[in-house]
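The structure appears below as structure tokens.
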Amino acid sequence: MDVILHGPPGAGKGTQSRNICTQLGIVAISTGDLIRAEIKQGTELGKSIKRYSSLGKLVPDEVVMQILEKRLKQDDVSNGVLFDGFPRTANQAKMLKEWLAKRDRAVDAVFSLEITDEESMFRCTYRLSTEDGKENYHIYYHKLRVLARSETDKTPIFSSPNGARLVMRDDALPPKVQTRIDTYHEETEPMLEKLETNFNYKIFKVDGMSKPDAVKESINKIIAEHLR
Ligand code: AMP
């Protein structure tokens, strides 16, 4: 089974993708994570894309596809993939369709997590991650504690509930989050509509405003009713 998971910044894609993958026995591939890993490795490609993602703009299609194709060569994709944050443009949607068709596969469902722009801004600007980028926490929702203060400017350094040092993503400042929200409305939402009208994909809209467990329950209901 192959599914797409979309939603504005901070909609909870990372959290919900873990559950969907467990339910369906597939692997998650997040193009955002792949892009951040490429930047962190400091490759030439990573350097060339940093300016897009750190401003909250979309990375050019050919670069995203180059990075994704590398990941899709691994064996674990053969049972099915949850594409997190991909496709984001019509070109990417076409590429995905072709890649799946070559393997006699097709997109079985698209989950679209919906939250308001205000919630998106609140979640992203107060969100911190572990240094490896694998876990996210929200300063208020998780009631994070201050671990220390920066020696240079005394800004607080927060720790996760189990004591790990947390850092802020470089696209988490309000103007950058606003660009990511605007890009979602301008580029990704129209593309989602096309997935339904032109590609005939089944789109399941999920209210993402509630707590993660409630959102998970709504998703599990959709899986039980439509994807089993
Ligand atoms: P995300 O973690 O999904 O919010 O993605 C973080 C950033 O990575 C985005 O703001 C874009 O700059 C870039 N990005 C992630 N996925 C894509 C994609 N499919 N196409 C273009 N840029 C992407």
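The values are calculated or read from the model by the stated rules, or taken from the named source; none is laboratory data. Everything quoted here is computed from the prediction, not taken from an experiment. Positions of Cβ are generated from backbone atoms using ideal geometry, with glycine treated the same way; all protein chains shown enter the neighbour counts.
What are the pairs, 6+ residues apart or on separate chains, where a residue within region 175-196 that is away from the ligand (no atom under 13 Å from the Cβ) has its Cβ under 6 Å from a residue that is in a helix (DSSP H, G or I)?
Here the result reads none, with nothing in region 175-196 linked to a residue that is in a helix (DSSP H, G or I).
Checking the conditions here, which among Leu100, Leu45 is assigned to a helix (DSSP H, G or I), more than 10 Å from the ligand (Cβ to nearest atom), in contact with a strand residue (DSSP E or B) (Cβ under 7 Å, 6 or more places away or on another chain) and over 25 Å from Gly12 (Cα atoms)?
Only one candidate qualifies: Leu100.
Going by what's in this entry, would Met209 be described as surrounded by 13 or more Cβ atoms within 10 Å (Cβ to Cβ), without any contact (Cβ under 8 Å) to a residue 60 or more places away in the chain and either in contact with a helix residue (DSSP H, G or I) (Cβ under 7 Å, 6 or more places away or on another chain) or within 19 Å of Pro8 (Cα to Cα) (or both)?
no
Select, from Gly46, Gly14, Gly56, the only residue that is buried (at least 19 other Cβ atoms within 10 Å of the Cβ), at negative phi and among the small types (Gly, Ala, Ser).
Exactly one of Gly46, Gly14, Gly56 is buried (at least 19 other Cβ atoms within 10 Å of the Cβ), at negative phi and among the small types (Gly, Ala, Ser), namely Gly14.
Residue by residue, here is whether (1) closer than 25 Å to Tyr201 by Cβ; (2) more than 16 Å from the ligand (Cβ to nearest atom); (3) touching a residue at least 60 places away in the same chain (Cβ under 8 Å); (4) of a type in the set (Phe, Trp, Tyr) holds:
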site	(1), (2), (3), (4)
Met95	yes, no, no, no
Asp104	yes, yes, no, no
Ser112	yes, no, yes, no
Met121	no, no, yes, no
Arg127	no, no, yes, no
Ile139	no, yes, no, no
Lys143	no, yes, no, no
Ala148	no, yes, no, no
Lys154	no, yes, no, no
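Is it the case that some residue within region 11-32 is in contact with a Ser or Thr (Cβ under 7 Å, 6 or more places away or on another chain) and not small (Gly, Ala, Ser)?
No.
Could you check, for region 156-174, whether at least one of its residues is over 18 Å from Thr130 (Cβ atoms) and either surrounded by 14 or more Cβ atoms within 10 Å (Cβ to Cβ) or in contact (Cβ under 8 Å) with a residue 40 or more places away in the chain (or both)?
Scanning region 156-174 turns up at least one residue that is over 18 Å from Thr130 (Cβ atoms) and either surrounded by 14 or more Cβ atoms within 10 Å (Cβ to Cβ) or in contact (Cβ under 8 Å) with a residue 40 or more places away in the chain (or both).
Looking only at residues in region 1-11 that are surrounded by fewer than 24 Cβ atoms within 10 Å (Cβ to Cβ) and of a type in the set (A, V, I, L, M, F, W, C), which one is nearest to Pro87 (Cα to Cα)?
Ile4
Can you pull out the residues in region 112-127 that are part of a loop (DSSP other than H, G, I, E, B) and either in contact with a His (Cβ under 8 Å, 6 or more places away or on another chain) or surrounded by fewer than 18 Cβ atoms within 10 Å (Cβ to Cβ) (or both)?
Thr116, Tyr126 - these are the residues of region 112-127 that are part of a loop (DSSP other than H, G, I, E, B) and either in contact with a His (Cβ under 8 Å, 6 or more places away or on another chain) or surrounded by fewer than 18 Cβ atoms within 10 Å (Cβ to Cβ) (or both).
Which condition does Lys57 not pass, out of (1) at pLDDT 95 or above; (2) within 15 Å of the ligand (Cβ to nearest atom); (3) basic (Lys, Arg), if it passes all the others?
Only one criterion in (1) at pLDDT 95 or above; (2) within 15 Å of the ligand (Cβ to nearest atom); (3) basic (Lys, Arg) is unmet by Lys57, namely (1).
Within region 77-85, is even one residue in contact with a strand residue (DSSP E or B) (Cβ under 7 Å, 6 or more places away or on another chain), of a type outside the set (Asp, Glu) and either assigned to a helix (DSSP H, G or I) or more than 15 Å from the ligand (Cβ to nearest atom) (or both)?
yes
So, Arg51, is that one without any contact (Cβ under 8 Å) to a residue 24 or more places away in the chain, under 17 Å from the mean Cα position of the chain (by Cα) and either part of a helix (DSSP H, G or I) or surrounded by 20 or more Cβ atoms within 10 Å (Cβ to Cβ) (or both) or not?
no
Identify all residues within region 30-42 that are within 12 Å of the ligand (Cβ to nearest atom) and not hydroxyl-bearing (Ser, Thr, Tyr); write none if there are none.
Across region 30-42, the qualifying residues are Gly32, Asp33, Leu34, Ile35, Arg36, Ala37, Glu38, Ile39.
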